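Worksheet: the structure to be examined is printed underneath.
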Amino acid sequence: MPEINKLKRIASQIRRDIIRMVHGAGSGHPGGSLGCADFLTAMYFDILDHNPSAFKPDAIGEDLLVVSNGHISPVLYSALARSGYFPVEELSTFRKLNSRLQGHPATLEKLPGIRIATGSLGQGLSVSIGIALAKKLNSDPKTVYCFMGDGELDEGQVWEAVTYAGAKKTDNLVAVVDYNKKQIDGPTDEVMPLLDLRAKFEAFGWKVIEMNGNSMEDVIARMQEAKSCLGNQQAVMVLMHTEMGAGVDFMTGTHKWHGVAPNDEQAANALSQLEETLGDF
Amino acid sequence: MKEFKVIDYRDTRSGFGDALLELGKTNPGVVALCADLTGSLKMNAFAEAFPDRFFQVGIAEANMMGIAAGLTIGGYIPFTGTFANFSTARVYDQIRQSIAYSEKNVKICASHAGLTLGEDGASHQTLEDIGMMKMLPGMTVINPCDYNQTRQATLAVAEHHGPVYLRFGRPKVPNFIPSDFEFTIGKALQLRQGSDVSIFATGHLVWHALEAQKMLTEKGISAEVINIHTIKPLDEETILESVQKTGCVVTAEEHEKNGGLGDSIAQLLAEKYPVPVEYVAVDDRFGQSGKPDELLGFYGLDAPNIVSAAGRAIARK
């Protein structure tokens, strides 16, 4: 599958970008970013029907992805730049004064690819429903995707939104949960157990699909399956099993790299594990 | 300058509801959302006439604010409706991040503001909302004074691009602004000319300020009454022009002293033209159950209190 191999090579570069951006800024969130690098790569380079070189804030006639867990901004910015929304060199300004690449995604700086500020958790699914409703009013057949963290599901607003989309059958919406079972203070099973997520979402009326978020083959297959379920009087929820820190051995199996930047030595070690495939910024 | 007469007694929320229906007919971009208070917000007529453009979200105000923000991305002009407390304090971070910081064209329409919702008591009587909303960068804050002005303001905010907080109330109150009066966001209205004291009033207290002006005239005091319907952006030019003439100020609002209209005016004057300022506002207290007029009297917000404040302001000149 040459296409899959190409996506895997892009994901490797995006992982390098994440390490170099967070190391360069001396702050940021590498763990979750690495864990969902395969998913963001698949979305921006395969699944989304979009036009990165001519960014349309209203997204009319295009698919779009709302990243509600804004702290994974390194992987989002890299995927946006590498897919053509803005120059790759701009990644070096991440989290620095007067950058368009704010610590968490924002619209004030007019960064192409960003349509809503996120970072304060729990708000993106509601916004995604609003965009989905606008698409229905506009007879726009394109799809709204929303990405959330699993720790984010602690927020009450998420369940207001889950209630709405389930009850009102928002069937042009796909939500994806980064189910890495870790949050800042530790494993979700210790901080706030999520219990049976599949059963919870199904009880709210959603179609639920499970996916291995660190297998490019499975991401492509399952996201295509999600797409095929749209327009069927049900919102679609993808539980994406991932490993926080995936791709860098010492960043996996722990929640410690949620929001910590690597030092020089750690960054060099991480980069030695990730092939440079598209040229570093 | 002709005297203002009571045209009829109407609730300001009906001015909102009637204008929303008009907007439904004239502006296909206008959509509305409500958190299970459609009747209280007078949004039924819009909901019945335009069911595809009305979204009942249930008692889930945070979700409502997010959905509204999303609707703007697709090009719509959402009007959200719930009580003022649930339009602000309950959803402050949703408004801050998804609407204000994201520069979304959402009209946050808030009924039952202040003490005059009456018997429901302090759980529902927000007196902090103007302060919270005016602190958000880019937010326009409007508190119209009667039915006609609320109707005009509702029509005006649909034409204004950017987030707006539109605050109105529950009880039937004097409707006195002529329906053909000019309404411009950010432009204060001089209702009475005077030379001894400037009374700057907003919302329901504008009528009380006009009553106070008559009482002051009987005492030989010439009071200027200016209706500040837009608290942010503040009409600095009109305020400074009046104060340069009168030399002292009374502010009147159905809101906490902290963070309200009075504070906005005091801040302006401290920087540009310091003069004595007396506040007619609630002083660091919560409200309570009661009849609207009883509450205004109890908390010191009625015409006699405005008259007393004018006397104090003039004495400090």
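Quick notes on this structure:
- Any hit, segment B:41-61, residues being farther than 14 Å from B:His112 by Cα, within 14 Å of chain A (Cβ to nearest Cβ) and basic (Lys, Arg): yes
- Of the candidates B:Glu61, B:Glu22, the single residue that is out of contact with any strand residue (DSSP E or B) (no Cβ under 7 Å at 6 or more places or on another chain), acidic (Asp, Glu), within 18 Å of B:Val164 (Cβ to Cβ) and touching a residue at least 24 places away in the same chain (Cβ under 8 Å) is B:Glu22.
Residue-wise test of (1) surrounded by fewer than 20 Cβ atoms within 10 Å (Cβ to Cβ); (2) more than 22 Å from B:Gly297 (Cα to Cα).
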position: B:Leu127; (1), (2): no, no
position: B:Gly131; (1), (2): no, yes
position: B:Asn143; (1), (2): no, no
position: B:Tyr165; (1), (2): no, yes
position: B:Gln190; (1), (2): yes, yes
position: B:Phe200; (1), (2): no, no
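- Condition check for B:Leu295: among the aliphatic types (A, V, I, L, M), in a helix (DSSP H, G or I) and surrounded by fewer than 21 Cβ atoms within 10 Å (Cβ to Cβ): no
- When residues of segment A:131-159 are limited to those that are within 16 Å of the chain's Cα centre (by Cα) and part of a loop (DSSP other than H, G, I, E, B), the one farthest from the other protein chains (Cβ to nearest Cβ): A:Asp150
- Test result for B:Ala32, of a type in the set (A, V, I, L, M), farther than 21 Å from B:Met132 by Cα and within 13 Å of chain A (Cβ to nearest Cβ): yes
- Scanning segment B:254-269 for residues that are in contact with a strand residue (DSSP E or B) (Cβ under 9 Å, 6 or more places away or on another chain) and assigned to a loop (DSSP other than H, G, I, E, B) yields a total of 3.
- Residue that is nearest to B:Cys145 (Cα to Cα) [pool: residues in segment B:204-252 that are outside any loop (DSSP other than H, G, I, E, B) and of a type in the set (Lys, Arg)]: B:Lys232
- Of all residues in segment A:170-207, those being surrounded by 13 or more Cβ atoms within 10 Å (Cβ to Cβ), within 24 Å of A:Gln224 (Cα to Cα) and over 19 Å from the mean Cα position of the chain (by Cα) number 10.
- B:Leu166 satisfies every condition listed in (1) assigned to a strand (DSSP E or B); (2) at pLDDT below 95 except (2).
- Filter pass, B:Thr116 being within 14 Å of chain A (Cβ to nearest Cβ), hydroxyl-bearing (Ser, Thr, Tyr) and buried (at least 22 other Cβ atoms within 10 Å of the Cβ): no
- Each residue in segment B:115-166 was checked for being closer than 20 Å to B:Pro178 by Cα, among the small types (Gly, Ala, Ser) and out of contact with any Leu (no Cβ under 8 Å at 6 or more places or on another chain), and 1 of them qualify.
- The residues of segment B:66-84 that are more than 7 Å from every other protein chain (Cβ to nearest Cβ) and within 22 Å of B:Asp18 (Cα to Cα), listed by number, are B:Ile77, B:Pro78, B:Phe79, B:Thr80, B:Gly81, B:Thr82, B:Phe83, B:Ala84.
- Scanning segment A:160-199 for residues that are within 14 Å of chain B (Cβ to nearest Cβ) and in contact (Cβ under 8 Å) with a residue 40 or more places away in the chain yields A:Val162, A:Thr163, A:Ala165, A:Gly166, A:Lys169, A:Thr170, A:Asn172, A:Leu173, A:Ala175.
- Among residues of segment A:101-130 that are at the interface with another protein chain (Cβ under 7 Å from one of its Cβ atoms) and under 21 Å from A:Leu153 (Cα atoms), those with a beta-carbon under 6 Å from a residue that is acidic (Asp, Glu) and surrounded by fewer than 24 Cβ atoms within 10 Å (Cβ to Cβ) at least six positions away or on a different chain give the pairs A:Ser120/B:Asp93.
The values are calculated or read from the model by the stated rules, or taken from the named source; none is laboratory data. Quick caveat, the model's predicted, so the values are computed rather than measured. Quick reminder, even Gly has a Cβ in these numbers, built from the backbone with ideal geometry, and neighbours come from all protein chains shown.
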